[in-house]
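Note sheet for the following structure.
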Amino acid sequence: MTEPQEELIRELEAKAKTIRKDIIKMLAEAGSGHPGGSLSSVEIVTALYFNVLRLKPEEPLWQDRDRFILSKGHAAPVLYAALAERGFFPVDELLTLRKLGSRLQGHPAWGMLPGVEASTGSLGQGLSIGLGMALAGRLDQRDYRVYVLLGDGESQEGQVWEAAMAAAHYRAGNLTAILDYNGLQIDGPIEKVMSPLPLPDKWRAFGWEVREVDGHNFRDLLTAFDWAKGVKDKPSMIIAHTIKGKGVSFMEGMVDWHGKAPNQKLADQALEEIGAGS
Amino acid sequence: MLEQKISTRDAYGKVLVELGRRYPELVVLDADLSKSTKTSEFAKHYPERFFDMGIAEQNMMGTAAGLALAGKIPCASTFAVFATGRAYDQIRNAIAYPGLNVKIVASHAGITVGEDGATHQSIEDISLMRTLPNMTVIVPADAVETAQAVTAAVEMRGPCYIRLGRPAVPVILRDDYRFQLGKAAVLKEGKDAVVFAAGIMVHKAFEAASVLEAEGVEVAVVNVSTIKPLDRETIVKWAKKTRAVVTAEEHSIYGGLGSAVAEVLGEEYPVPVIRVGIKDRFGESGSPDELLTAFQLNTDSVVNAIKKAVCEKSRIAC
Ligand SMILES: Cc1ncc(C[n+]2csc(CCOP(=O)(O)OP(=O)(O)O)c2C)c(N)n1
Ligand SMILES: [Mg+2]
């Protein structure tokens, strides 16, 4: 495994900043949506779209592309921002989020927007869909990989564990899940609402290879994605420790910022902070 | 009418093997019921294209969605009650909403499941599937139609629900019968009343028509095997011809074929519609035939419903 290049890291950090700003602008313009879980996933999604995934934005249905499924579909803004910044559709269109007639539905809708790989939003379903894609890839002898981003609260859904069991059973080495471990869901901290802990032990017990990383550290993330590619006979799980609302001081770690948009004044403040942040 | 009896699930198992040969992209999923749904036949022939997903129906539907997104034609099978009830949200959001090419072929629908009782007897699956945008819903009348309907489903694009049964049932359609997706088939003409029937009730409708023929009442029998998209034209045409309408299905009178026909006729040609079906109650244990009688889904029930419809038409006190 090669040490990630300093320059690459700097580029990714700059992209992450742009994507964070996009998210804030989109949500402020839409007047509703989910900032907390979008911001906690920024580095994960940026690493994927700007380094890890094998993609052709000009040919979104290219058969050999890697697939990314945002199982925690409420974080649609981070996905849309990454897709737009990566060239799947015009960045201007981000501001149509959640408006009538927009391709940027409140939750990702397959078939409407280039780059969206599945319809998600009903939590707990993305890993199953990813498994189906992974099984199809193997049948077709294609070497694409499938990545699925899960929420920590989402992992309370029984279907997640059905899929976890099945992916290990079918030795889906081409399937990697990333868990956005931000510790919060809507009603409060995950351990208070319904603890899914200990997460690493559970995934290992289900037959997965597991790694834990700092989900805001590109060096960590890239190393982990590299590791995942090397896991051949089992599905792999990257548990990413994150901060909900990351990058905006008044949103960080605040349950209340799970699902409401900032007004213009707070959005301006957020944009300033993100711009100034290192 | 032929004496031969074959279950629709057996016909499914058989045709799947044939389709597996013709369509390399066909894959089959089951949830630990492959011996009952008969997908075990496919599994024997094409083990690499068969996925037993264990007792985990939600994951099965999601996995089917993913397979479809990657270009496969998945058939996902289990009992109707679990296929549609346990995994409803998965079917709704992961399959129907994006309009994916997944075929949900469910067996053991209705009360003819028999002794297993209410937990295993799906009386509401047509209703659940019919209300989903993008979904096609097919209820084959017998083994002959099952083979053709499953083939048609595999050949069309988009999500499809096919409802099959457990017991061996009479083969009523001849080999030259041609199932057409979205078309109701007029199996018998008649001027006094029409029965729109689906599934095993097509056979009962035939029997009822013969009984009434002896009494001088001429009854048309229409096999409405595609419940969605509904063949409105044929339904309105025969309602106009007879002005006495009966529906017959092994399903709740709420939300199934009876509702669908009443919806169309209410808008386009209001006439009396008498619904033969399960009257807002759960099933129970018993042999299939005992249950069909207990739940008024036998030939006599259809006869009585036809008489009532004819009676209401002619405004004679009943
Ligand atoms: C099946 C389902 N139940 C409930 C919801 C409503 N909901 C949206 S987001 C959310 C909390 C998600 O928490 P988590 O998975 O931790 O996401 P994150 O913290 O990353 O935003 C809930 C309950 C849903 N979208 N789907
Ligand atoms: Mg969370």
Worksheet item: Condition test on B:ALA65, is it surrounded by 21 or more Cβ atoms within 10 Å (Cβ to Cβ), among the hydrophobic types (A, V, I, L, M, F, W, C) and more than 14 Å from chain A (Cβ to nearest Cβ)?
Response: no
Discussion item. If I ask for residues that are surrounded by 16 or more Cβ atoms within 10 Å (Cβ to Cβ) and either of a type in the set (Gly, Ala, Ser) or more than 10 Å from chain B (Cβ to nearest Cβ) (or both), which ones from region A:124-142 would you list?
Written reply: A:GLY124, A:GLY126, A:SER128, A:GLY130, A:GLY132, A:ALA134, A:ALA136, A:GLY137
Item to complete: For residues that are away from ligand 1 (no atom under 16 Å from the Cβ) and on the phi < 0 side of the Ramachandran plot, tally how many sit in region A:163-197.
Response: 11
Practice prompt. For region B:244-318, please list each of the helices (runs of 4 or more DSSP H) lying entirely inside it that holds at least 2 residues being outside the structural domain of B:PRO140 (by TED's automatic domain parsing) and closer than 17 Å to B:ALA118 by Cα.
Written response: B:288-294
Worksheet item: Does any residue in region B:204-231 that is among the hydroxyl-bearing types (Ser, Thr, Tyr) come within less than 7 Å, Cβ to Cβ, of a residue that is in a helix (DSSP H, G or I) and surrounded by 24 or more Cβ atoms within 10 Å (Cβ to Cβ) six or more places away or on a different chain, and which pairs are these?
Response: B:SER225/B:GLU145; B:SER225/B:ALA149
Item to complete: Only one of these is under 23 Å from B:GLU25 (Cα atoms) and either assigned to a helix (DSSP H, G or I) or hydroxyl-bearing (Ser, Thr, Tyr) (or both): B:GLY62, B:GLY99, B:GLY85, B:GLY71. Name it.
Response: B:GLY62
Worksheet item: Before we move on, is A:LEU100 of a type outside the set (D, E, K, R), under 23 Å from A:SER122 (Cα atoms) and buried (at least 17 other Cβ atoms within 10 Å of the Cβ)?
Response: no
Discussion item. If a residue must be surrounded by 14 or more Cβ atoms within 10 Å (Cβ to Cβ), over 19 Å from A:THR18 (Cβ atoms) and among the basic types (Lys, Arg), how many such residues does region A:238-278 contain?
Written reply: 2
Response to the item:
Taking region A:143-188 and keeping only residues that are away from chain B (no Cβ under 11 Å) and away from ligand 2 (no atom under 16 Å from the Cβ), one is left with A:ASP143, A:ARG145, A:TYR147, A:ALA168, A:ARG171, A:GLY173, A:ASN174, A:THR176
Discussion item. Quick check on my filter: what residues within region A:229-266 are part of a helix (DSSP H, G or I) and of a type in the set (Asp, Glu)?
Written reply: A:ASP256
Practice prompt. Test A:ARG10 against the stated conditions and say whether it is surrounded by 17 or more Cβ atoms within 10 Å (Cβ to Cβ) and away from ligand 2 (no atom under 16 Å from the Cβ).
Written response: no
Worksheet item: Can you tell me how many residues in region B:33-63 are free of Cβ contacts under 8 Å to residues at least 40 places away in the same chain and closer than 19 Å to A:ALA163 by Cβ?
Response: 13
Fill in: So B:ASP30, is it within 7 Å of another protein chain (Cβ to nearest Cβ) and either acidic (Asp, Glu) or buried (at least 21 other Cβ atoms within 10 Å of the Cβ) (or both)
no
Worksheet item: In this structure, does A:LYS265 turn out to be without any contact (Cβ under 8 Å) to a residue 12 or more places away in the chain and over 19 Å from the mean Cα position of the chain (by Cα)?
Response: yes
Worksheet item: Taking into account only those residues within region A:76-95 that are in a helix (DSSP H, G or I) and over 13 Å from A:VAL116 (Cα atoms), which is farthest from ligand 1 (Cβ to nearest atom)?
Response: A:ASP92
Fill in: Residues of region A:1-58 satisfying the condition of being under 21 Å from A:MET254 (Cβ atoms), among the hydroxyl-bearing types (Ser, Thr, Tyr) and without any contact (Cβ under 8 Å) to a residue 60 or more places away in the chain
A:SER38
Worksheet item: Can you tell me which residue in region A:20-67 is nearest to ligand 1 (Cβ to nearest atom), limited to those that are buried (at least 23 other Cβ atoms within 10 Å of the Cβ), of a type in the set (Gly, Ala, Ser) and outside any loop (DSSP other than H, G, I, E, B)?
Response: A:GLY37
Worksheet item: What are the residues in region A:226-251 that are away from ligand 2 (no atom under 13 Å from the Cβ) and charged (D, E, K, R), if any?
Response: A:ASP226, A:LYS229, A:LYS232, A:ASP233, A:LYS234
Worksheet item: What tally of residues in region A:108-123 results from selecting those that are surrounded by fewer than 24 Cβ atoms within 10 Å (Cβ to Cβ) and either without any contact (Cβ under 8 Å) to a residue 40 or more places away in the chain or more than 9 Å from chain B (Cβ to nearest Cβ) (or both)?
Response: 8
Worksheet entry | One residue from B:ILE73, B:ILE6, B:ILE91 being within 25 Å of A:ASN174 (Cβ to Cβ), among the aliphatic types (A, V, I, L, M) and more than 9 Å from every other protein chain (Cβ to nearest Cβ) | B:ILE73
Item to complete: Filter region A:132-158 down to residues that are farther than 23 Å from A:GLY215 by Cβ and assigned to a helix (DSSP H, G or I), then give me how many there are.
Response: 8
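The values are calculated or read from the model by the stated rules, or taken from the named source; none is laboratory data. What you see is a predicted model; the values in this text were computed from it and never measured. All Cβ positions, glycine included, derive from the backbone under ideal geometry; neighbour counts span all protein chains shown.
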